[in-house]
Amino acid sequence: MIRCISCGEEYEDEKIIYTCEKCGSILEVETNVENVPRDTFENRRQNIWKYKEFLPVNADNRISLDEGGTPFCKCEKIGKQLGIDLYVKVEGSNPTGSFKDRGMSVGTTKAIDLGVNIVGCASTGNTSASLSAYAARAGLKCAVLLPSGKVALGKLAQAMFHGAKVFGIDGNFDDALKTITQLALDGELYLLNSINPFRLEGQKTIGYEIVHDLGWQSPDRIVLPVGNAGNISAIWKGITEFRDAGYIKDTPMMTGIQAVNSAPIANAVKNSEDVITPVENPETIATAIRIGAPVSSIKAMRAIKESNGTAETVTDDEILAAQQYLARNEGIGVEPASAASIAGLKKLVELGEIDKGEHVVCVVTGHVLKDPNIAIESSEDPIKVSADPDAIRKVIKNL
Ligand code: F0G
């Protein structure tokens with residue numbers, strides 16, 4: 001069953017619908033799962049389909065690249081420095097290098113179920129990279145709309161290479177999303193942005209995996225970057241479903257981090273407003289979250305409120321510093337948007353909003369190679385030397 005999150009109107013799962021016909025609000029899929037003991041998930045392959053009873057599509061027909069089951073790394077050094085217990089969920093280890101694969105696996109499975117033959121999305125990069133790959137695997141045609149000149153190189157390469165028809169539009173992500181949504185409403189394609197509630201059904205498995213990885217315990221807090229606000233909503237849905245199933249008792253404080261000039265949700269939370277004010281010209285070096293009018297803002301604001309969480313902003317400099325801090329202290333390479341979660345964590349600890357000793361999970365959403373230009377610009381150039389041990393000896397002696 002698909003349900004409007006505002007007025008409660010219900011729609012059949014087979015209906016192609018993105019917003020409520022009655023009130024215009026956004027939708028979610030209701031998962032009715034009963035009597036599934038939690039040991040059902042043991043000894044299954046480590047991917048999102050491990051939780052197939054909770055995924056509202058036919059798992060036998062799944063389009064999958066073995067997504068999910070990503071590394072869950074304890075970060076002793078950073079944790080110690082910040083005075084907390086820290087784990088990082090490394091979503092860059094998914095097949096196309098971001099968490100979007102979880103959503104695209106379920107989304108393209110749904111597309112096949114529905115019998116559509118062309119899928120599409122707007123994207124700041126990762127969604128298009130993922131959809132292009134999953135559409136190829138599913139044998140679906142694919143069109144993606146990107147903000148021209150504002151997509152990191154690795155993501156653009158993936159979208160092009162897997163065979164999507166790639167459009168660079170004159171405008172930002174919010175403009176691209178508006179345009180592709182119009183095409184979807186006109187019946188030209190099946191939309192696989194996170195306004196499609198089946199996408200989020202795949203992404204909620206991040207929440208499942210975190211509590212499962214912790215031995216059926218909730219962390220005190222989950223910190224993650226927020227752009228279009230689908231992921232924070234999806235993870236909260238996953239957590240509450242597992243709580244309602246009786247697998248865990250407590251729930252984490254959902255903590256969203258945005259770049260300071262692309263921060264409609266963090267601004268609303270800070271000003272104690274229930275509704276966001278869109279940001280007209282969002283800017284940040286973390287192009288993945290360069291978004292001014294997040295489509296899932298109502299869900300995200302609810303997740304933050306219900307979970308007693310919060311939202312914070314970070315500057316581009318803080319993002320770049322956190323990216324390097326994580327790479328050089330823990331060996332985990334992430335793209336700038338993902339590092340926003342670490343930057344936000346650090347800031348909230350410094351502000352005293354996060355207590356000493358808290359159990360925190362940071363979700364790092366995309367791989368460092370997604371944005372190779374940033375990685376290179378933030379690093380020292382290779383030293384040019386002759387192939388002579390003496391020339392190198394001098395340098396490594398002083399390391
Ligand atoms: N981190 C990365 C690496 C992302 O690519 C995105 C979103 C986010 C965080 C934010 O997640 O939108 O669910 O709040 N990228 C989208 C895209 C918008 O088109 O790839 P969100």
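The values are calculated or read from the model by the stated rules, or taken from the named source; none is laboratory data. Small disclaimer: the values here were computed from a predicted structure and weren't measured. As a convention, Cβ positions derive from the backbone with ideal geometry for all residues, glycine included, and neighbour counts pool all protein chains shown. We work out accessible area using only protein heavy atoms, side chains counted, and drop any ligands, DNA or RNA first. Shrake-Rupley method; radii C 1.70, N 1.55, O 1.52, S 1.80 Å.
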Looking only at the stretch 241-254, and only at residues there that are within 18 Å of the chain's Cα centre (by Cα) and over 21 Å from GLY366 (Cβ atoms), the one that is least open to solvent (accessible area, probe 1.4 Å)
PRO252
Restricting the stretch 158-177 to residues that are more than 13 Å from the ligand (Cβ to nearest atom) and of a type in the set (Phe, Trp, Tyr), the residue that is surrounded by the fewest Cβ atoms within 10 Å (Cβ to Cβ)
PHE161
Given the residues SER386, SER338, SER296, which is the only one that is without any contact (Cβ under 8 Å) to a residue 24 or more places away in the chain and either among the hydroxyl-bearing types (Ser, Thr, Tyr) or within 30 Å of CYS20 (Cβ to Cβ) (or both)?
SER386
Select, from ILE257, ILE276, ILE291, ILE319, the only residue that is under 20 Å from ILE26 (Cα atoms), β-branched (Val, Ile, Thr) and surrounded by 24 or more Cβ atoms within 10 Å (Cβ to Cβ).
ILE291
Considering only the stretch 66-77, I want to know if a residue exists there that is in a helix (DSSP H, G or I) and either within 15 Å of the ligand (Cβ to nearest atom) or touching a Phe, Trp or Tyr at 6+ places or on another chain (Cβ under 8 Å) (or both).
no
Selection within the stretch 114-157 - under 16 Å from ALA286 (Cα atoms), touching a Phe, Trp or Tyr at 6+ places or on another chain (Cβ under 6 Å) and open to solvent by less than 10 Å² (accessible area, probe 1.4 Å)
PRO147
Taking interchain pairs and intrachain pairs at least six residues apart, which have beta carbon atoms under 6 angstrom, with the first residue in the stretch 215-231 and in a helix (DSSP H, G or I) and the second within 6 Å of the ligand (Cβ to nearest atom)?
GLY230/SER194
How about the stretch 108-130: which of its residues are more than 9 Å from the ligand (Cβ to nearest atom) and outside any loop (DSSP other than H, G, I, E, B)?
THR108, THR109, LYS110, ALA111, ILE112, ASP113, LEU114, ILE118, VAL119, GLY120
Can you find even one residue in the stretch 374-381 that is touching a residue at least 24 places away in the same chain (Cβ under 8 Å) and closer than 21 Å to GLY69 by Cβ?
no
Long-range neighbours under 6 Å by Cβ, at least six apart or interchain, first residue in contact (Cβ under 8 Å) with a residue 40 or more places away in the chain and within 13 Å of ASN228 (Cβ to Cβ) within the stretch 112-130, second in a strand (DSSP E or B) and open to solvent by less than 20 Å² (accessible area, probe 1.4 Å)
CYS121/VAL144; ALA122/LEU145; SER123/VAL144; SER123/LEU146; ASN126/SER98; ASN126/GLY366; THR127/CYS121
Which residue is surrounded by the most Cβ atoms within 10 Å (Cβ to Cβ), if the candidates are limited to the stretch 61-81 and must be within 23 Å of LYS204 (Cβ to Cβ) and hydrophobic (A, V, I, L, M, F, W, C)?
ILE63
What is the one condition in (1) more than 18 Å from LEU82 (Cα to Cα); (2) of a type outside the set (Phe, Trp, Tyr); (3) modelled with pLDDT of 95 or more that VAL360 does not satisfy?
(1)
Of all residues in the stretch 260-273 being open to solvent by less than 10 Å² (accessible area, probe 1.4 Å) and part of a loop (DSSP other than H, G, I, E, B), which is nearest to the ligand (Cβ to nearest atom)?
SER262
When you look at SER98, is it open to solvent by 20 Å² or more (accessible area, probe 1.4 Å), polar (S, T, N, Q) and in contact with a strand residue (DSSP E or B) (Cβ under 9 Å, 6 or more places away or on another chain), yes or no?
no
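Kindly indicate which of ILE248, ILE235, ILE195, ILE206 is in contact (Cβ under 8 Å) with a residue 24 or more places away in the chain, over 29 Å from PRO372 (Cβ atoms) and within 12 Å of the ligand (Cβ to nearest atom). Before the answer, list the steps.
Values: ILE248 fails: within 12 Å of the ligand (Cβ to nearest atom); ILE235 fails: over 29 Å from PRO372 (Cβ atoms); ILE206 fails: over 29 Å from PRO372 (Cβ atoms).
Sole residue among the options that is in contact (Cβ under 8 Å) with a residue 24 or more places away in the chain, over 29 Å from PRO372 (Cβ atoms) and within 12 Å of the ligand (Cβ to nearest atom): ILE195.
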ALA136 versus (1) within 14 Å of the ligand (Cβ to nearest atom); (2) more than 26 Å from SER262 (Cα to Cα); (3) free of Cβ contacts under 8 Å to residues at least 60 places away in the same chain: which is the lone unmet condition?
(1)
Checking ASN32, ASN43, ASN58 in turn, the sole residue that is loosely packed, with under 15 Cβ neighbours inside 10 Å, within 28 Å of LEU185 (Cβ to Cβ) and more than 19 Å from the chain's Cα centre (by Cα) turns out to be ASN58
